[in-house]
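Derivation of every value follows stated rules applied to the coordinates shown; laboratory data play no part. Not measured: the values here are computed from a predicted model. Please note: Cβ atoms are built from the backbone with ideal geometry, for glycine as well, and neighbour counts cover all protein chains shown.
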Amino acid sequence: MGRCRERDILNACQLLGDMSPTLEERAFSMAKKRMILNAFTSQKVHHYSMGGWKHPQHTIDQGCFTTEYWTRLAQTLERGFFDGIFFAHTDGVYDVYKDSPRTGIEQGAHFPQEEPPLVLSAMAAATKHLGLITTLSTSYHNPYFAAKLFTTLDHLTEGRVAWNIVTSFTKSGAENNGVPPQPHDERYERSQEYMDIVYKFWEHSWEDDAYVRDREKDIYIDADKVHYIDHEGKWYGKIPGPHLCGPSIQRTPLLFQAGQSAAGVGFAAKHAECVFSILPTIARAKKHVQDVVEQAAKFGRTRDDLKFVNSMCVVTAPTDEEAEMKAKFIRSNSSYEGALALLSGMAGVDLSQLSPTQSIDALSEDDVVGIKGFSGIFKAIDPDRHWTMDDIAEYTSLGGVNPVIIGSPQTVADKLEEWIDESDLDGFNIYAPVHPASFHDFVDLVVPELQRRGRARTEYDSTTVRENFFGAGEKRLRPNHYAFSDAVLPPWRKAVQAANA
């Protein structure tokens with residue numbers, strides 16, 4: 001909702017003859033969309049800001065392998081009323097640059113890293129409301145395992161777990177998991193069947209009242225209310241079930257997805273509740289929202305069924321000048337080779353083939369096996385610029401491929417509001433170039449300014465992560481979700497429906 005809508009509400013207040021400051025503030029607050037705020041992080045030394053380990057306040061390289069580090073961060077984020085913490089993850093070493101893993105290893109390009117699902121329980125024990133969003137690839141993890149993992153996590157976090165659904169493309173990831181690399185579109189086709197299976201486990205294996213705990217009859221669970229899923233499919237064959245875990249608070253974890261290719265957009269439209277993007281401009285973000293919503297309509301879903309968050313790197317300080325000085329110092333620690341090793345791994349194409357002054361126009365999109373539209377990220381930032389390797393390394397030295405805001409709390413809030421009002425986004429995955437110091441800065445400086453403007457929450461009104469995003473009472477998947485479509489329903493549930501027809 002933009003500023004014109006806010007003014008309309010104030011004009012209505014004037015016509016009613018009541019323009020007290022309290023009513024005016026309330027009108028503006030009602031007109032403004034509250035921003036979803038997630039911390040965007042990973043269990044590794046660097047996420048995007050290569051060379052950042054040299055910054056004296058970048059302590060994640062020492063702390064990211066400890067429970068204390070993550071529980072303290074979780075508590076900081078909950079103090080700032082964040083909706084969630086979002087863990088990115090990759091499944092293989094980046095060995096594309098110079099056809100070797102050496103540079104990636106030396107520079108800490110997503111290496112080493114650990115499995116984020118395992119730290120969620122510790123963070124849950126240290127907090128009460130913060131959503132816990134973890135990445136898990138459908139390419140390398142059996143769907144039965146994933147179903148058990150997320151049900152267990154949902155139990156242990158008391159309904160605060162979310163899943164960022166990804167497919168994986170790194171050659172090393174495939175080799176180390178003992179599977180052949182999968183072509184881009186095949187990855188998504190496999191993932192479609194994967195989702196059918198986990199939905200059947202989560203939503204269609206156990207009935208809500210299966211636990212009877214009848215002492216007189218000596219029956220703990222009513223076996224007639226625990227069902228086989230009887231899945232048969234192209235990629236995973238026959239999977240009988242039943243689900244080994246009883247239903248959790250959410251049953252299905254809150255679902256994130258971040259694909260931006262045609263296949264990824266279609267997948268998000270069918271499955272995602274929250275669509276995550278890393279888009280460099282407001283115009284690109286707005287177009288992405290429109291594209292996903294248009295595709296979602298084919299599955300009976302509306303804009304109201306979806307939330308959209310874009311990544312945003314934020315460097316803030318009490319004044320604009322101080323923030324610029326911070327950003328300059330962060331850039332001074334950057335690594336040229338590390339940046340190209342990281343970007344080569346993300347794109348799946350060896351950028352060392354291009355000279356430092358050669359344009360990325362020399363890259364064919366057919367060569368990109370990782371992030372589709374890789375060169376388009378930079379062209380969208382400045383379409384008239386002939387982006388060279390030097391340009392790309394310099395641009396990504398602060399926030400990687402994430403858009404960047406540098407400034408005082410007022411400047412940052414202005415820019416975030418502009419993105420929200422003009423793109424139809426719902427919020428942001430906030431990236432911290434200095435970890436965890438940048439998160440502390442955001443919580444202490446920017447959040448109070450957003451709260452003053454009615455853009456950030458001042459309290460939690462629910463307990464599950466789905467409610468954090470969709471509102472109190474929204475603990476489960478909505479009934480119009482694909483998980484409840486005829487294509488997913490197992491035979492037993494179809495038989496019940498037919499009998500009741």
Virtual spin-label span in nm between T66 and Y236, 7 Å along Cα→Cβ: 3.9 nm
Dipole in debye (nearest 20) - segment 250-296, about Cα centre, beta carbon charges: Lys, Arg +1; Asp, Glu -1: 40 debye
Alpha-carbon radius of gyration plus Dmax, which is the widest Cα pair, for segment 390-501 in Å: 21.2, 67
Estimated inter-spin distance, R478 and D218, nm [label 7 Å along Cα→Cβ]: 4.9 nm
Charge-dipole axis of the chain as Lys and Arg at +1 and Asp and Glu at -1 on Cβ define it, positive-most pick from V226, Q62, S485: V226
Packing-based exposure ordering (other Cβ within 10 Å, fewest first) of V446, V349: V349, V446
Relative contact order computed over the chain (Cα-Cα under 8 Å; 6+ residues apart), in percent: 23 percent
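State the extension gain, in nm to one decimal, for the chain segment bounded by T302 and S100, taking 0.36 nm per residue of separation less the distance between their alpha-carbons.
Net length gain for the segment: 68.2 nm.
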Estimated [θ] at 222 nm from DSSP helical runs (n ≥ 4, -39500 (n - 2.57)) normalised by residues in the chain, nearest 500: -12500 deg cm²/dmol
FRET efficiency, A487 to S332 (Cβ-Cβ, R0 41 Å, nearest 0.05): 0.15
Pairwise FRET efficiency - D382 versus E422, Cβ, R0 = 25 Å, nearest 0.05: 0.85
Dipole magnitude of segment 267-400, debye to nearest 20 (Cβ charges: Lys/Arg +1, Asp/Glu -1, about Cα centre): 620 debye
Given K200/K225; K326/K415; K128/K307; K44/K286; K128/K415; K200/K270, the pairs whose alpha carbons are separated by over 20 Å: K128/K307; K44/K286; K128/K415
Extended-chain gain in nm, criterion 0.36 nm per residue less alpha-carbon gap, S261 and K148: 37.7 nm
Where a label projected 7 Å from the Cα of Y211 along Cα→Cβ would reach, residues of segment 123-165 with amide N under 16 Å: 151-160
Matching label, Cα Rg over 2.2 N^0.38 Å computed from the structure shown, candidates [x] 1.00; [y] 1.10; [z] 0.96: [x]
